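Notes to accompany the following structure.
The numbers here are math on the coordinates, done by the rules we state, and not lab data. Here the structure is a predicted model, which is why all the values come from computation and not from measurement. So basically every Cβ, Gly included, is an ideal-geometry build from the backbone, and we count neighbours across all protein chains shown.
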């Protein structure tokens, strides 16, 4: 397993660097901006909206990382023909999937952990008149984070499915975004056609989680039963 994890790390190294940059970048920019305002005007912005907005930008940019994590999972090895070499080794496909899943899921969890720690733990320690309970109880923050979490699950799961089916990791990543558009436009169109005004608001998160989870499961099953590597 250790060798497989190291192999998957090398394959996804550039992707992991990209994920780190887009996750931490908004926080670096926001902190640098605060330092400049403090130096230039003696003004520091540490209200709840500052932390929530920065986390939203970080997670919003990171959805691309989730799509690439899924799209790159299996198809990347087909592109460089290393999947054929791996098929000759005495390693079960269950173990291969476990290694890929650990890398993808741990990376996704790290992205969310960074932002949740910043908003729920770091922010209350420095912001005025704000506690972790205040942040968690904020309806707008919960709604934004809920939507971004659902999109993360959908893009990762959809990318994983298409990565198991296709031979191009770039196409698999693109198809994950296509699935997101189909889900969003489908709910909007269905709500407009049936006169259900709140259909998108009420069902978008649930549908994204269901489609993403289903895509991951179906992708794993397809890979396990696929005759070719």
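Calculate the FRET efficiency for residue 201 and residue 116 from the Cβ-Cβ distance with a Förster distance of 30 Å, rounded to the nearest 0.05.
0.80
If R0 is 41 Å, what FRET efficiency do you get for residue 33 and residue 86 from their C-beta distance, rounded to 0.05?
0.35
Based on alpha-carbon atoms only, what is the radius of gyration of the chain relative to the globular estimate 2.2 N^0.38 Å?
Against the compact-globule rule of thumb, the ratio is 1.16.
Once you put a point 7 Å from the Cα of residue 149 and another 7 Å from the Cα of residue 194, both along the Cβ direction, what distance in nm separates them?
My value for the distance between the label points is 2.5 nm.
What is the extension gain from residue 210 to residue 224, computed as 0.36 nm multiplied by their sequence separation minus the C-alpha to C-alpha distance, in nm to one decimal?
2.9 nm
Starting from 0 in steps of 5 Å, tell me what percent of the Cα-Cα pairs of segment 147-229 lands in each bin.
Percent of Cα pairs in each bin: 3, 17, 23, 21, 15, 10, 6, 3, 1, 0.
If the chain between residue 178 and residue 49 were fully stretched, how many nm would it gain, using 0.36 nm times the residue separation less the Cα-Cα distance?
43.3 nm is the gain from fully extending residue 178 to residue 49.
Which order do peptides 55-61, 112-118 fall in by mean Cβ count within 10 Å, highest first?
Ranking the peptides 55-61, 112-118 by packing returns 55-61, 112-118.
Report, in deg cm²/dmol and to the nearest 500, the calculated mean residue ellipticity at 222 nm for the chain, where each DSSP H run with n ≥ 4 adds -39500 (n - 2.57) and the sum is divided by the residue count.
So the helix-based figure for the chain works out to -28000 deg cm²/dmol.
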